[in-house]
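Only the coordinates and a few stated rules stand behind these numbers; no lab work does. Everything numeric in this text was worked out from a predicted model, so none of it was measured. With ideal geometry, Cβ positions are generated from the backbone for all residues, glycine too; neighbour counts draw on all protein chains shown.
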Amino acid sequence: MGSQHLVYGLLGGLAIALTVAAVTDIRRRQIDNWLNAAIAMGAPAFWWASGLSLYPGVAMQLGVALAAFAVLCGMFALRVMGGGDVKLLTALALWLPWQPFMQLLLYMSLIGGVLTVVLGAWHVMRRQRDKLKIPYGVAIASAGLLVMATHYLPQAGNAQSLIG
């Protein structure tokens, strides 16, 4: 039972970190490197507390993160995504198996689309079209919290599998 408490404590820490990422992205349009590093460094503790095997479990998590980083770096190079967003998504890929990570990307895209339309309309109404910068960390953090809630919180007294 102690391990389960540790898992939920680590997930709580991740939820707090995602909230901080969203707030700082709103305020400064920046997600700090120390925060992304803390999220990434928390993943091995989560793997251990969850009982994830080295192979294929940890290897798969590292593979998902590496693939995400490669694709997202391409998006950064095309100036479609900011560096902090790339690092935050890569750090989250260390926590989530590939299926929930794909869900996170889908939710992030939907939330980000709504955020873009709302902020775009707000800037047009205020006649500040040239100043539009979307705090995409909000979409990433919201999607991360949504995926965490649907995959890791107990459902009607029965906890779903923590990994996989």
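Tabulated data for the structure shown
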item	result
Estimated inter-spin distance, Tyr55 and Ile26, nm [label 7 Å along Cα→Cβ]	4.6
Cβ-based exposure ranking for Ile111, Ile16, in which fewest neighbours within 10 Å come first	Ile16, Ile111
Relative contact order (%) - criterion: Cα under 8 Å, at least six apart; region: the chain	29
Contour excess over end-to-end distance, with Cα ends at Met75 and Val117 and 0.36 nm allotted per residue	13.1 nm
Length gained when the stretch Leu106-Val124 is fully extended (0.36 nm per residue, less Cα-Cα span)	3.8 nm
Under the span-like rule (Cα at least 24 Å along the axis, Kyte-Doolittle mean at least -1.0), DSSP H helices of the chain	2-28, 33-50, 59-77, 98-125
